[in-house]
Every structure is written in structure tokens, then in C-alpha cells.
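J.: Input: one structure, supplied below.
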Amino acid sequence: MESFSTGRKAAAWGVHAYTAMGLPLALLSALALIHGDPVRFWALNCLAVFVDATDGTLARRIEVWKVVPEFDGRRLDDIVDFITFTFLPVLFLVLMDMFPPQLTWAAALPLLASGYGFCQERAKTDESFVGFPSYWNIGVLYLWLLDTTPWVNVTVIGFFSLLVFVPVHYVYPTKTKLLKPVTVWGGYAWALAMFVMAINPEAPWAHTVAVASLVYPIYYFTLSAVNHRRNAG
């Protein structure tokens, strides 16, 4: 068995601790939502997403799976992701009354769909997510910023819940080679715009910027269709 220095082991555990920071951020997000503070909720959610977007790079650089093989960092990452990307956005839907009152139960659909998605052995390949990759926080944030009606909300969420079960190869932004620089750098600019809108939802320009920013999700889904044809073919 390969031996690693104390410093390397400390670095590996530090990466796992960094990933775990998503859990207290999730708790703070839930408390913000319970106290009726959606802006603080989204600010904390964005911070948790930043942690999720950066911990993988650190993990690969340190090779944590080699240094501390007894600890499953991917399982920890999945737990944090489910809470951050699925459970909390669904809680937002319910507590912010974004569904028709008689259809509040439909908020369970993305939870069940993502439960299935997260447990699929082929939920990810080397380059793709297979099935809609549970970007519920992004979808719910858009619905909130655009102030869509409850019936539109339940229709959109229901539709994407079904897409979790359809084995389309969606772009994995940091791994899909096709147009990767455009996807990554465009994603940075788009994520920054989303964060600014999330903490300034009442600004007179927020709605216009939200509509304009849909260019990136359209690009993402279009590229995913091309990516799927390349992988399926």
C-alpha cells in the first residue's frame, strides 16, 4: 500500500472538510427560508454551489481517494448535492407557495425523481450526466425571479421530473470535452449574473437580466442534444 506524508493526509481531510461545509450552509439556508428571507436563502445556496463546483478540482489534485481510501468523498458529495440542489429548492417551492394549493403534493415529484437519479449507477459517465441532472435550484430560482404563475411552475417542475428518467446525455460542464472552454467560461459569467439577480430580485433590471440570461441554459440544452447524439451514435 502506498504511503503518504502527514501533510498530504491533512490536505486530503481538508478537502473532505471543505465538501462538508455544504451541510452547515444548507442548514443556514433552511433557517433563512423558515424565517421568510428568500434573498439570504439564495445567497447561501449560491455559496454552497460554489463549494460544490470547486471541491472536485481540489479532490482530483490531492487524489483524496488514494490518500484516505477509507472515506468515501463521493458519497458525502452526493449527500450535500441532494440537499443543496434538490431538497432545499423543493422546500422553497412549498414555503413560498409557488404551486397551486391543491397541488402542493406535486413538490414530492422532483424529490422522488432525483432520489432515483442519484442512485443510478450510470447517472454519470466520464463526460456526461445521464438523465436530467437535478438542477432544481437553478430552475426554481428562475421561476421565482420571473414570477411565473403557480400553474406554470408545477408544469415546468413536473416536466423536468420526467426528464430525470429519460437517459439523455447532458453536458457535464467540467468534463464534457465538446466546447468545454465556452461552457466553462460562459458558465462563470452566467453564474455571476444569477448570483447578482438572486440578491437583488427587486431591482428594476432583474427581470430583464433574468430573461437575457436564459441564453446560457438554451446553449446548455442545445449542446446537450448534440452531446447525446455523439454518445448515442
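J.: Regarding residue 227, is this residue more than 21 Å from the chain's Cα centre (by Cα) and closer than 20 Å to residue 134 by Cβ?
T.: On the way: more than 21 Å from the chain's Cα centre (by Cα): no; closer than 20 Å to residue 134 by Cβ: yes.
No: the conditions fail for residue 227.
J.: Report the residue count in the range 29-62 for those that are of a type outside the set (S, T, N, Q) and open to solvent by less than 60 Å² (accessible area, probe 1.4 Å). Even if it seems obvious, please write down each step before you answer.
T.: Filtering the range 29-62 down to residues of a type outside the set (S, T, N, Q) leaves 30-44, 46-53, 55-56, 58-62.
Next cut, open to solvent by less than 60 Å² (accessible area, probe 1.4 Å) only: 30, 32-33, 36-39, 41-44, 46, 48-49, 51-52, 55-56, 59, 62.
The number of residues fulfilling the criteria is 20.
J.: Residue by residue through the range 4-37, note down the ones that are touching a helix residue (DSSP H, G or I) at 6+ places or on another chain (Cβ under 7 Å) and of a type outside the set (A, V, I, L, M, F, W, C). Step through it out loud before you land on a result.
T.: Our first condition is that a residue be touching a helix residue (DSSP H, G or I) at 6+ places or on another chain (Cβ under 7 Å); within the range 4-37, this holds for 4, 8-9, 11-12, 15-16, 18-23, 25-26, 28-30, 32-33.
Within the range 4-37, 8, 9, 16, 18, 19, 22, 29 qualify.
J.: Does at least one position in the range 70-85 carry a residue that is of a type outside the set (Asp, Glu), within 27 Å of residue 149 (Cα to Cα) and open to solvent by less than 20 Å² (accessible area, probe 1.4 Å)?
T.: As a first pass, look at the range 70-85 and keep what is of a type outside the set (Asp, Glu): 71, 73-76, 79-80, 82-85.
Right, trim to within 27 Å of residue 149 (Cα to Cα) and you get 82-85.
Adding the requirement that they be open to solvent by less than 20 Å² (accessible area, probe 1.4 Å) leaves 84.
Scanning the range 70-85, I find at least one residue that is of a type outside the set (Asp, Glu), within 27 Å of residue 149 (Cα to Cα) and open to solvent by less than 20 Å² (accessible area, probe 1.4 Å), so the answer is yes.
J.: Oh, and also: Could you list, in sequence order, the residues of the range 56-90 that are under 23 Å from residue 193 (Cβ atoms) and modelled with pLDDT under 95?
T.: The answer is 56, 57.
J.: While we're on this one: Among the residues of the range 154-173, what is the count of those that are over 18 Å from the mean Cα position of the chain (by Cα) and closer than 21 Å to residue 104 by Cβ?
T.: 2
J.: For the range 197-208, state whether one or more residues are under 17 Å from the mean Cα position of the chain (by Cα) and open to solvent by 60 Å² or more (accessible area, probe 1.4 Å).
T.: No, the range 197-208 contains no residue that is under 17 Å from the mean Cα position of the chain (by Cα) and open to solvent by 60 Å² or more (accessible area, probe 1.4 Å).
J.: Further, regarding this structure: Taking the condition crowded, with 17+ Cβ neighbours inside 10 Å and more than 17 Å from residue 91 (Cβ to Cβ), does residue 19 pass?
T.: The answer is yes for residue 19.
J.: Out of everything in the range 146-186 that is of a type in the set (Ser, Thr, Tyr) and touching a Ser or Thr at 6+ places or on another chain (Cβ under 6 Å), what residue ends up being surrounded by the most Cβ atoms within 10 Å (Cβ to Cβ)?
T.: Among those residues, the one meeting the criterion is 170.
J.: Follow-up. Within the range 123-138, which residues are in a helix (DSSP H, G or I) and without any contact (Cβ under 8 Å) to a residue 60 or more places away in the chain? Walk me through it before giving the result.
T.: Initially, the range 123-138 is screened for residues in a helix (DSSP H, G or I), giving 136-138.
Passing the criteria: only 136.
J.: Tell me which helices (runs of 4 or more DSSP H) are completely within the range 139-213 and hold 2 or more residues being more than 23 Å from residue 112 (Cβ to Cβ) and free of Cβ contacts under 8 Å to residues at least 12 places away in the same chain, or say none if there are none.
T.: On the way: elements: 150-163, 180-199, 206-213.
Fully inside the range 139-213 and qualifying: 180-199, 206-213.
The values are calculated or read from the model by the stated rules, or taken from the named source; none is laboratory data. Quick caveat, the model's predicted, so the values are computed rather than measured. Heads up, the Cβs are rebuilt from the backbone with ideal geometry, glycines too, and the neighbour counts pull from every protein chain shown. Keep in mind that these areas ignore ligands, DNA and RNA; they rest on the heavy atoms of the full protein, side chains included. Shrake-Rupley method; radii C 1.70, N 1.55, O 1.52, S 1.80 Å.
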